[in-house]
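The next block holds one structure in the form of structure tokens; read it before the comments.
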Amino acid sequence: MSLSRKDKPLYLQIRDILKDRILHGVYPLGQNIPSEPQLEQEFSVSKITVRSAIQELVQEGYLEKGSGKGTKVIRNKAASKLSKWKHFTEILVEEGHRIQKQWLRAETVQTEADAELRRLFGEHCFRLERVYFLDERPYVYYTHYLAMAMGELELADLNARSLYELLEEHNISLDRLRDEFSVAVPPPEAEAILQLEGKGMPLLKRSRYSYDEHGKVREYSIGYYNTELQNYIVNYDV
């Protein structure tokens with residue numbers, strides 16, 4: 001896997017990639033991650049770079065190094081300052097599923113007059129598209145709209161970073177989120193990406209508004225879930 005030489009330090013990029021794999025079940029809880037030589041070869045970096053990345057995850061409590069026993073995953077949940085509830089992907093990983101994500105497109109777009117995006121962001125916004133795979137089958141198609149200029153951001157620059165890590169890197173702190181759920185027929189591009197058996201099939205639609213501390217919407221997302229593969233799950237601890 002190639003890393004961005006113009007991005008943050010290589011060991012931090014590798015840390016984020018490994019953490020993403022842990023959180024999405026690629027490296028399951030209680031099992032070892034690939035050896036240091038394997039990671040050196042995968043990322044084409046030095047031994048010290050790989051060791052620095054692993055040490056970061058050890059300090060964060062995701063990994064445990066054992067003498068002669070490899071490096072084991074000991075935690076696969078992310079701490080969230082926005083909610084104490086588990087993320088949907090965390091629940092699926094706990095149930096033994098594997099989640100993968102792929103960024104599809106990143107571009108600045110002009111909003112249409114009298115449309116929701118024009119009301120939220122003005123004449124222009126930044127759009128990101130991605131798909132989530134559930135056990136290697138396309139499951140969720142997401143379009144994210146951001147009230148920010150991203151310049152010449154390329155998909156390769158995103159690597160394994162989450163959307164909210166990207167916002168934090170641009171000094172955008174979110175204060176609250178609002179989710180709205182409905183049932184709707186997805187647009188043709190979503191139908192194609194999700195490989196639906198028939199056109200016009202209604203899906204679970206999730207609309208998310210992310211607000212900063214001033215009450216301004218900084219991110220708006222629309223997701224379509226193929227619940228024929230997996231129901232949307234929310235677990236609550238009481």
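When the chain is fully extended, how far beyond the present Cα-Cα distance does Ser67 get from Thr108, taking 0.36 nm per residue of separation?
9.8 nm
Hey, any idea what % of the chain's accessible area is carbon plus sulfur with a 1.4 Å probe?
Carbon and sulfur atoms account for 45 percent of the accessible area of the chain.
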#### Entry: Cα-projected label distance for Lys8 with Gln31, points at 7 Å along beta-carbon direction, nm
2.7
### Task
In a Gaussian network model over the chain where Cα atoms closer than 10 Å are linked, find which of Arg21, Arg98, Arg51 has the largest mean-square fluctuation.
Arg51
### Task
For Arg98 and Gln38, compute 0.36 nm times the residue count separating them, minus their Cα-Cα distance, and round to one decimal in nm.
19.5 nm
### Message
Ignoring everything except DSSP H segments at least 4 long, calculate the 222 nm mean residue ellipticity for the chain; use -39,500 (n - 2.57) per segment, divide by total residues, nearest 500.
### Response
-7500 deg cm²/dmol
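Determine the per residue accessible area of the chain with all protein chains present and a 1.4 angstrom probe, expressed in square angstrom.
On the way: 13100 Å² over 238 residues.
That works out to 55 Å² for each residue.
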## Note on the structure
Taking 0.36 nm per residue of separation between Ala115 and Glu165 and subtracting their Cα-Cα distance, the length gained on full extension comes to 15.2 nm
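The values are calculated or read from the model by the stated rules, or taken from the named source; none is laboratory data. Not measured: the values here are computed from a predicted model. Cβ coordinates were reconstructed from backbone atoms using ideal geometry, including for glycine residues, and neighbour counts include every protein chain displayed. Heads up: the accessible areas ignore ligands, DNA and RNA and are worked out on the full protein's heavy atoms, side chains in. Shrake-Rupley method; radii C 1.70, N 1.55, O 1.52, S 1.80 Å.
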